[in-house]
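The values are calculated or read from the model by the stated rules, or taken from the named source; none is laboratory data. All values derive from a computational prediction rather than experimental measurement. Here Cβ is always computed from backbone atoms with ideal geometry, including for glycine, and neighbour counts include all displayed protein chains. With ligands, DNA and RNA removed, areas are computed over all heavy atoms of the protein, side chains included. Shrake-Rupley method; radii C 1.70, N 1.55, O 1.52, S 1.80 Å.
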Amino acid sequence: MKYYSINDKNNLVDFKTAVINGIASDKSLYFPSKIPVLNTSFFNSIEKLNNNDIAFEIIKPFINNYIPDDKLYEIIKKTINFEFPVKKINDSIFVIELYHGPTLAFKDVGACFMAQTINYLNISDNKSTVLVATSGDTGAAVANAFLDIQGVDVIILYPDKKISNFQEQQLTTFGNNIHALSVNGVFDDCQNMVKKAFLDVDLKFSNLTSANSINIARWLPQMFYYFFLYKKLKYKNKNLIVSVPSGNFGNICAGMLARKMGLPIKTFIASTNINDIIPKYLKNGFYETKKSKETISNAMDVGNPSNFIRIQELYNKNYKLLKNNLLSYSYSDIETKIAIKELFNNFKYISEPHGAIGYLGLKEFIKKNNNFQDVGVFLETAHPIKFLDIIKKIINVNVEVPVSTLSILNKKKISIKINDYEELKSYIKKIK
Ligand SMILES: *Cc1c(COP(=O)(O)O)cnc(C)c1O
């Protein structure tokens, strides 16, 4: 398997190069040159396989032989060594919880797989720097995955005062090879600084690597749990409708790639907050990027979703085809709060703002289509504890801090404020 740049199909690289570079030399994203289709026998007997075996089968064709089978299996075991419970909300709605990993968000899957892959490929030989912009959850997942990996420094850029207390507590207390920088601006400013740094010849010496979802080693493993979901709900023998709370559209794009590999998911819904670039695009055909607006679902405050170009590529950049394969709806903070209340009062389910938006998208679909042959699932992408400040104002519940994260609560936050790109640059130079 090779990977090409979406801007230029002749710009082909192998797995290792794609992982090291993160982004193609022409600034576009890498995309697999062939999408493998799994045998029907795989799906017929998927319930007999454990999650590690499923993940191995799915990812193997994308890796070629850059990682030997036994090592790949080991990486997978480390990556998904937690539960992915599917819970019933009512007869037609289920939720899959993706937040039982070490930093309590689905991003642990991609981040851990990527860190282990980089470690194995020995990319860190001559000291590399992972630069990552975060709207809240990425930073912690990436930092945790790279913590104490020899030769790697991780620099996290997060928008000052725009992430939750718990998220900031997570990001800024790792220490060691993890550096937290709070940026005076919004998430897009952080993302733009990262992009700029990659193109900056002055910084070539620091071997910058991206850990945002544009990196194939983070993007591809996100396919895993869509297969786990199918395994769990297959017995229902119904059409699967999946609603994914979306910001940069990496997660849903992985799901759509899984569908191309044969996974029977009938409908994908990208549910967003008021940063509604994609819902608007699918409605009127105009792709208009905007500065992101701040919401209570902060991990989705994205004004220019970086992975959407991959979804377009999945459908040969054909707008009509894309429209037939993706629905997208957007919701305000008020609607999100009402959904959190409804899920708790009616179903005793504690959700957080991102999952609640996923629920809203699913509900809208069901209302419009009302097909008893369908069964809907929304993704709960983060643990409610990460958004306790918000949830507590809406419903009167106590959420227990998972034992695994108790230890960070009393640690001192350490972060450095920066205002612009030049300050980032001098920081990178200073630590190297
Ligand atoms: C990152 C994140 C999202 C959005 O995922 P994308 O892949 O960027 O679309 C949704 N929910 C939570 C909790 C997240 O951390």
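Distance cut-off 29 Å, Cα to Cα: go down the list Lys71/Lys429; Lys291/Lys337; Lys2/Lys107 and report the pairs above it.
As for pairs spanning more than 29 Å Cα to Cα, those are Lys71/Lys429.
In debye, nearest 20, what is the charge dipole magnitude of the stretch 331-374 about its Cα centre with +1 on Lys and Arg Cβ and -1 on Asp and Glu Cβ, if you could check?
In debye, rounded to 20, the stretch 331-374 gives about 140.
Taking 41 Å as R0, compute the FRET efficiency from the Cβ-Cβ separation of Asn325 and Leu147 and round it to 0.05.
0.60
Give me the percent of DSSP beta bridges within the chain that run antiparallel, rounded to the nearest 5.
Beta bridges within the chain, antiparallel portion: roughly 25 percent.
What dipole magnitude, in Debye to the nearest 20, does the chain give about its Cα centre under +1 on Lys/Arg Cβ and -1 on Asp/Glu Cβ?
My answer is approximately 720 debye.
If the chain between Lys367 and Lys293 were fully stretched, how many nm would it gain, using 0.36 nm times the residue separation less the Cα-Cα distance?
23.8 nm
What lysines does Lys9 reach when the alpha-carbon gap must be under 27 Å and sequence neighbours fewer than 8 apart in one chain are set aside?
Lys27, Lys34, Lys60, Lys195, Lys196, Lys204, Lys260, Lys317, Lys320, Lys323
Work out, step by step, the length gained on full extension between Glu335 and Asn44: first 0.36 nm times the residue separation, then minus their alpha carbon distance; give nm to one decimal.
100.8 nm
Can you find, among Phe308, Asn273, Thr381, the residue sitting farthest towards the positive end of the charge dipole of the stretch 259-409, where Lys and Arg contribute +1 and Asp and Glu -1 at Cβ?
Among Phe308, Asn273, Thr381, the one farthest towards the positive end of the dipole of the stretch 259-409 is Phe308.
Multiplying the sequence separation of Lys280 and Lys238 by 0.36 nm and subtracting their Cα-Cα distance, what value in nm do you get?
12.1 nm
What FRET efficiency would be calculated for the residue pair Lys432, Ile35, taking the C-beta separation as r and a Förster radius of 45 Å, to the nearest 0.05?
Efficiency, rounded to the nearest 0.05: 0.70.
Ignoring ligands and nucleic acids, what accessible area does Thr172 show with a 1.4 Å probe (Å², nearest 10)?
10 Å²
Hey, any idea what % of the chain's accessible area is carbon plus sulfur with a 1.4 Å probe?
49 percent
Quote the FRET efficiency, to the nearest 0.05, computed for Lys196 versus Asp14 with a Förster distance R0 of 41 Å and r equal to the Cβ-Cβ distance.
E between Lys196 and Asp14, to the nearest 0.05, is 0.95.
Rounded to the nearest 500, what is the chain's calculated 222 nm mean residue ellipticity when only DSSP H runs of at least 4 contribute -39500 (n - 2.57) each, over all residues?
Per the formula, -12000 deg cm²/dmol.
Which of the peptides 348-354, 199-205, 50-56 is most tightly packed, and how do the rest follow, going by the mean number of other Cβ atoms within 10 Å of each residue?
The peptides rank, most packed first, as 348-354, 50-56, 199-205.
Pop a pseudo-label 7 angstrom from the Cα along the beta-carbon direction at both Glu422 and Tyr73 and give the gap in nm to one decimal.
Here the modelled spin labels are 5.6 nm apart.
Excluding residues on the same chain fewer than 8 positions from Lys430, give the aspartates and glutamates whose Cα lies under 19 Å from its Cα.
Candidates past the 8-residue exclusion: Asp153, Asp200, Asp202, Asp420, Glu422.
Sorted by packing (mean other beta-carbon atoms within 10 Å per residue), highest first, where do 34-47, 417-430 land?
417-430, 34-47
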